Structures are given as C-alpha cells and as structure tokens.
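Participant: Quick one: the structure is below, and I'll ask about it shortly.
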Amino acid sequence: MISYETRTGSISFTENFLSKLIGHTVTSCFGVVGMMPSSHRQRLFGLVTKEQSLDTGIKVTGNADQIDVEIHIMVTYGMNIAAIAASITEKVKYIVLDSTGITVNKVNVKVDGIKE
C-alpha cells in the first residue's frame, strides 16, 4: 500500500488499484493486443479463470514519492515496437500523476508476444 499525508488527512493507494489503472491505460494504446502474465501466479490464475484481468502483467514498486512500473504486453505484428513503448510510457506517467499525484520514475515495457 502506498500512502502519504496531506494537510487534511491521509491518502492511500493499493498496488491493485494502481495496476488496474495502468492496465486500463496500456490496453487502450494503439498496437497493444493484450497483457501477458508476468508471474507463475498470474499464469495459473489465467488458466483457471479463462479470462484476463486488467492487472495481468503489471508490477508496481516504490513509495509515495515515486514508483517504478514493469509492464508485460503482446503487440500486433508489423507495428513499430519503439513507438508503442514510447506511447505507453508517456500515457502511464501522465495518467498516474493526474489520477493520484504520484510521480512515475521508470516504466519498463517488456514485449512478450506478437499476434499476427
């Protein structure tokens, strides 16, 4: 849980909330087919439920000052991967800062698959 104090009280964000916020942002980017599981737990959960949740393939670490994000995606064949990664990075930094006030220090985009 990431929390910080303000003059009027305390604000807390769970990693689950941040993962779903980031997942929604990433899946709306052009060229992204979907999210890829980043851990064995996520792979098993995907096999059991047969559906993909928004927080699949996202790892958030850090504190209230700044966070680091790792994203695992699948892209469309023939797309410029560097452009997709740059778009994801800028959108994630903007959405997280705008929604929560937390600065994103680093976004690591890992392409784990290509869909034809």
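We did not get these values from a lab; they are worked out from the coordinates using the rules stated. Since the model is a prediction, treat every value here as computed from it, not as a measurement. Cβ coordinates were reconstructed from backbone atoms using ideal geometry, including for glycine residues, and neighbour counts include every protein chain displayed.
Participant: What does the charge count around Ile67 come to, taking other residues whose C-beta lies under 13 Å from its C-beta (Lys +1, Arg +1, Asp -1, Glu -1)?
Facilitator: Residues near Ile67 contribute -1 overall.
Participant: I'd like to verify something in the chain: which complete DSSP H helices, judged by Cα projection on the helix axis, reach 27 Å or more and average at least 0.5 on the Kyte-Doolittle scale?
Facilitator: Correct list, ordered by number: 81-100.
Participant: Mind listing the long-range amide H neighbours of Met36? Cut-off is under 5 Å, sequence gap 5 or more, other chains count too, H placed in the peptide plane at 1.01 Å from N.
Facilitator: The list, which skips near neighbours in sequence, is His72, Ile73, Met74.
Participant: Hey, if you drop one equal point scatterer on each alpha-carbon of the chain and run the Debye formula without solvent, what base-10 log of I(q)/I(0) do you get at q = 0.13, 0.14, 0.15, 0.22 Å⁻¹?
Facilitator: Here log10 of I(q) over I(0) equals -0.50, -0.57, -0.65, -1.22.
Participant: Reachable lysines from Lys59, Cα under 17 Å, same-chain residues fewer than 8 places away excluded?
Facilitator: Filter leaves Lys20, Lys91, Lys93, Lys106, Lys110.
Participant: In addition: If the cut-off is a Cα-Cα distance under 12 Å, which aspartates and glutamates reach Lys115, setting aside same-chain residues fewer than 8 apart in sequence?
Facilitator: Lys115 reaches no qualifying aspartates and glutamates.
Participant: Would you mind putting 92-104, 4-16, 67-79 in packing order, based on average other-beta-carbon counts within 10 Å, highest first?
Facilitator: 67-79, 92-104, 4-16
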